[in-house]
Each structure stands twice: as structure tokens, then as C-alpha cells.
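Report on the following structure.
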Amino acid sequence: MSFSNGVHDDLPDQPRRETYRRMVGDGLLTAGYATEDGVGLHYVGTELREAVSVLDGKRAWRVRSAGNGGYVEEPVIPRLI
């Protein structure tokens, strides 16, 4: 299974957060993960094993369509490395 990815999700001068979620909600992108600055995703094959971060307090988010143009996001708490 493939996933979409939104990076640097928390940078205030970029419209990435809103744009990525809108596109997933509208079905233009498949469900996926958004990562804040300093967060990486570790996959084994096509399965997300864990999120890791070099910065304390950062997160990743699982983002999927809720239908009707909306979206649902669930936090993924990374392991600090």
C-alpha cells in the first residue's frame, strides 16, 4: 500500500499543513502521514514501524479522508533519538 506524505508540517510561513489536509480530504492525495520538522518515519517494507525525532515535542500525524472534503488526523508520537 502506498501513502502520501506532507513534510515540515509545522513551519509557520508555509501553507503545507492546510494544503496537504485539504488535498487528502478532497481525495486528490491518498491517506498518509504528515511530519513536523525534525521527524522521520521508519518503514519496514510498506508498514510504518515507528516515527522518530531529533527534536523534543515534535509529532507526526496519520491523515485520512473523512469524506465530503473533510479529513481525520491522528497523532503519531515519535521516539526521541
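Among the residues of the range 57-81, write down those that are more than 13 Å from the chain's Cα centre (by Cα), assigned to a strand (DSSP E or B) and either surrounded by 12 or more Cβ atoms within 10 Å (Cβ to Cβ) or in contact (Cβ under 8 Å) with a residue 12 or more places away in the chain (or both). If the condition is that a residue be more than 13 Å from the chain's Cα centre (by Cα), assigned to a strand (DSSP E or B) and either surrounded by 12 or more Cβ atoms within 10 Å (Cβ to Cβ) or in contact (Cβ under 8 Å) with a residue 12 or more places away in the chain (or both), then A66, G70, R79, L80 are the ones that fit. For the range 31-56, residues that are over 15 Å from the mean Cα position of the chain (by Cα) and either modelled with pLDDT of 95 or more or assigned to a strand (DSSP E or B) (or both) total 4.
Inside the range 24-43, can you point out the residues that are more than 26 Å from L80 (Cα to Cα) and surrounded by fewer than 18 Cβ atoms within 10 Å (Cβ to Cβ)?
Step one: of the range 24-43, the residues more than 26 Å from L80 (Cα to Cα) are 24-30.
Answer for the range 24-43, where residues must be more than 26 Å from L80 (Cα to Cα) and surrounded by fewer than 18 Cβ atoms within 10 Å (Cβ to Cβ): D26, G27, L28, T30.
Among the residues of the range 33-63, write down those that are under 24 Å from D13 (Cα atoms) and of a type in the set (S, T, N, Q). Within the range 33-63, T35, S53 qualify.
The values are calculated or read from the model by the stated rules, or taken from the named source; none is laboratory data. Everything quoted here is computed from the prediction, not taken from an experiment. Glycine gets a Cβ as well: all are built from the backbone with ideal geometry, and neighbour counts include every protein chain shown.
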